[in-house]
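Q: Okay, handing you the structure first.
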Amino acid sequence: VGGKPNSFLIDRSEKIWLGSNFGLVMIQLHKNRFRRYLFNGNSSEKGISCRGILEKEGRLIVNTEGEVFTGDKTNGVFQPYPIVIANEEKIGFKLFWYSLADGPKEAVYAGWEAGLCEIVLSPVQPRKILGRLFLPWVIFPDQQQHLWIGTYRNGLYVYDLKTAQPAAFTHYNGFDELKTAGIVSIQRDREGTLWLCATTGLYRLDREKGITERHWSEGKGAFYLPYNNIYHFYEDKDGVFWLATGGGGLIRWDRKNNKTQQFSRKAGLPNNTVYAVYEDNHQHLWLPSDYGIIQFDKERGQVRRVYLPEDGITHPEFNRISHYRGKDGTLYFGGLNGITAFNPNDFYGKEDNQKMPLVITNFQQFDGSTNQLVDKTGDLLTTNEIILNPSDRFLNLEFALLTFNQSDKIQYAYKIDGIDTDWNYQNEPRLRLARLPYGVHTLHIKGQ
């Protein structure tokens, strides 16, 4: 702190204030609600890069760029799983592991860089190679003894568990661009329909007929989406799809009313690459991204908060397919330095529900009749109105979001009805407006 404290105060928000001959210091204690697995605390850059995540029999199984790990999520102790390789399979380098899916009894299905295999966790057995294919990003077991497999660049494959025969999917029905697309996620909606999230759009899959729909940026009517590179989706209780994209931010797709809304950096997202969407019990979405974990209020269409390494997460950048929701509601997001785990219910206490006010601190207006800059802060706070005559060339407005927490990360935005079509984002808590058109306008200002 510096100096000898001579005064002490705990305010209503439980912040601790210390006064000394060197100034005023604020101390606030935060509970770390994040758990970190496979985390390298000595690395400021990259540690263990995680991919597939799966919970089975109380254990967490994690595919990484090098090894498969199994661990106890309670004590956080993880060990490399001893992949037993038959003599003819011996290789001199570590494998890159990708997708994971639940298998029978003590087994799981895992995708590695050159194929699909089955791994028996207990007792340890040699991995069973089920088929050779290039980078299986996603494995989806259905209820008809099939594994649907989405690859990095070679489209869709099907593995028949009864006959133990993998086969390239053929029923593209004219949607041939999917043959060379990357398929990142295969999911079932509330009606049981299968959807493929791919680099070329969102596809509907009928188990008997094959691909029946493509939704993408050049689609017409009900087949239009504003962005093609889809990573993951979540369907809420109202039937609205929330799409995570690789470059297009978050997309709200109201299928019933054929409406889409795109949320990107212009809407407050810290990054336009979003890897997954999960909803909690408070109508908030949790999004792993290329810059932190985003908590998004889907009713207001606004970012509520962005969590970064200083808040307790492992790394600001996360990975495709590296996300999972446990049976107890815990979310697991894998990134470039291990896994960040948390339960969203832990983020709704007294501290998190505080509303920080945004206030006007100073208002000056150029008076054309006197050619002077006049302080009109008191008038503005009283009337909530600004009147500009034609000779009043400009105005200066200053404001502040009244929070001492991470003040260097506060972002402001403003919009003038009838002039701006979208929000203008900035870090500075001030506006200088000039040459406004004639008429009555409403100025909106927000901070986060």
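The values are calculated or read from the model by the stated rules, or taken from the named source; none is laboratory data. Here the structure is a predicted model, which means the values were calculated and not measured. Positions of Cβ are generated from backbone atoms using ideal geometry, with glycine treated the same way; all protein chains shown enter the neighbour counts. For accessibility, only protein heavy atoms count, side chains too; no ligands or nucleic acids. Shrake-Rupley method; radii C 1.70, N 1.55, O 1.52, S 1.80 Å.
Q: For the stretch 92-130, which positions are over 32 Å from the mean Cα position of the chain (by Cα) and surrounded by fewer than 17 Cβ atoms within 10 Å (Cβ to Cβ)?
A: Gly92, Phe93, Lys105, Ser122, Pro123, Val124, Gln125, Pro126, Lys128, Ile129
Q: Assigned to a loop (DSSP other than H, G, I, E, B), among the basic types (Lys, Arg) and in contact (Cβ under 8 Å) with a residue 40 or more places away in the chain: is that true of Arg190 in this structure? Give the derivation first.
A: Working: assigned to a loop (DSSP other than H, G, I, E, B): yes; among the basic types (Lys, Arg): yes; in contact (Cβ under 8 Å) with a residue 40 or more places away in the chain: yes.
Yes; evaluated as a whole, the condition is true for this residue.
Q: In the stretch 410-426, is there at least one residue being among the β-branched types (Val, Ile, Thr), under 17 Å from Lys266 (Cα atoms) and surrounded by fewer than 12 Cβ atoms within 10 Å (Cβ to Cβ)? Break it down stepwise before answering.
A: First, pick out the residues of the stretch 410-426 that are among the β-branched types (Val, Ile, Thr): 410, 416, 419, 421.
Narrowing further to those that are under 17 Å from Lys266 (Cα atoms): 410, 416, 419, 421.
Now drop any that are not surrounded by fewer than 12 Cβ atoms within 10 Å (Cβ to Cβ), which leaves 421.
Within the stretch 410-426, one or more residues are among the β-branched types (Val, Ile, Thr), under 17 Å from Lys266 (Cα atoms) and surrounded by fewer than 12 Cβ atoms within 10 Å (Cβ to Cβ).
Q: Can you name the condition, by its number, that Trp137 falls short on among (1) farther than 26 Å from Tyr275 by Cα; (2) open to solvent by less than 20 Å² (accessible area, probe 1.4 Å)?
A: It is condition (1) that Trp137 fails.
Q: Which residues, counting only those in the stretch 370-408, are closer than 23 Å to Tyr307 by Cα, open to solvent by 80 Å² or more (accessible area, probe 1.4 Å) and in contact (Cβ under 8 Å) with a residue 12 or more places away in the chain?
A: First, the residues of the stretch 370-408 that are closer than 23 Å to Tyr307 by Cα: 400-408.
Cutting the leftovers down to open to solvent by 80 Å² or more (accessible area, probe 1.4 Å) gives us 402, 404, 408.
Selection gives Leu402, Phe404.
Q: State whether one or more residues within the stretch 304-327 are acidic (Asp, Glu) and under 20 Å from Thr273 (Cα atoms). Before you say what the answer is, go through the steps one by one.
A: Of all residues in the stretch 304-327, those acidic (Asp, Glu) come to 310-311, 317.
Adding the requirement that they be under 20 Å from Thr273 (Cα atoms) leaves 317.
The answer is yes, given that some residue of the stretch 304-327 is acidic (Asp, Glu) and under 20 Å from Thr273 (Cα atoms).
Q: Could you tell me which residue of the stretch 149-177 is farthest from Arg204 (Cα to Cα), considering only residues that are hydrophobic (A, V, I, L, M, F, W, C) and over 25 Å from the mean Cα position of the chain (by Cα)?
A: Step one: list which residues in the stretch 149-177 are hydrophobic (A, V, I, L, M, F, W, C), which gives 149, 156, 158, 161, 164, 167-169, 175.
From the residues that got through so far, the ones that are over 25 Å from the mean Cα position of the chain (by Cα) too are 156, 158, 161, 164, 167-169, 175.
Values: Leu156: 13, Val158: 16, Leu161: 23, Ala164: 26, Ala167: 20, Ala168: 18, Phe169: 14, Phe175: 11 Å.
So, considering only residues that are hydrophobic (A, V, I, L, M, F, W, C) and over 25 Å from the mean Cα position of the chain (by Cα), the one farthest from Arg204 (Cα to Cα) is Ala164.
Q: Hey, Gln262 hits all of (1) closer than 21 Å to Ser185 by Cα; (2) open to solvent by 10 Å² or more (accessible area, probe 1.4 Å); (3) assigned to a loop (DSSP other than H, G, I, E, B) but one; which does it fall short on?
A: In the conditions (1) closer than 21 Å to Ser185 by Cα; (2) open to solvent by 10 Å² or more (accessible area, probe 1.4 Å); (3) assigned to a loop (DSSP other than H, G, I, E, B), Gln262 misses (3) alone.
Q: Tyr203 passes all but one of (1) surrounded by fewer than 20 Cβ atoms within 10 Å (Cβ to Cβ); (2) over 20 Å from Phe263 (Cβ atoms); (3) at pLDDT 95 or above; which number fails?
A: (1)
Q: Collect the residues in the stretch 41-64 that are open to solvent by 30 Å² or more (accessible area, probe 1.4 Å), in a loop (DSSP other than H, G, I, E, B) and modelled with pLDDT of 90 or more, keeping them in residue-number order.
A: Passing the criteria: only Ile48.
Q: Continuing with this model, one more query. For residues that are β-branched (Val, Ile, Thr) and under 26 Å from Val306 (Cβ atoms), scanning just the stretch 1-35, find the one that is most open to solvent (accessible area, probe 1.4 Å).
A: Looking at the filtered set, the residue picked out is Ile27.
Q: Let me ask something else. Any residue in the stretch 238-253 that is modelled with pLDDT of 95 or more sitting within a Cβ distance under 7 Å of a residue that is small (Gly, Ala, Ser) and crowded, with 24+ Cβ neighbours inside 10 Å? List the pairs, counting only those 6 or more apart or interchain.
A: Ala244/Ala276; Leu250/Ala244
Q: Moving on. Would you please name the residue that is farthest from the chain's Cα centre (by Cα), looking only at residues in the stretch 206-220 that are within 19 Å of Gln261 (Cβ to Cβ) and surrounded by 13 or more Cβ atoms within 10 Å (Cβ to Cβ)?
A: Once the filter is applied, the top-ranked residue is Gly219.
Q: Related question: So which residues in the stretch 386-400 are more than 40 Å from the chain's Cα centre (by Cα) and among the β-branched types (Val, Ile, Thr)?
A: Ile387 - this is the single residue of the stretch 386-400 that is more than 40 Å from the chain's Cα centre (by Cα) and among the β-branched types (Val, Ile, Thr).
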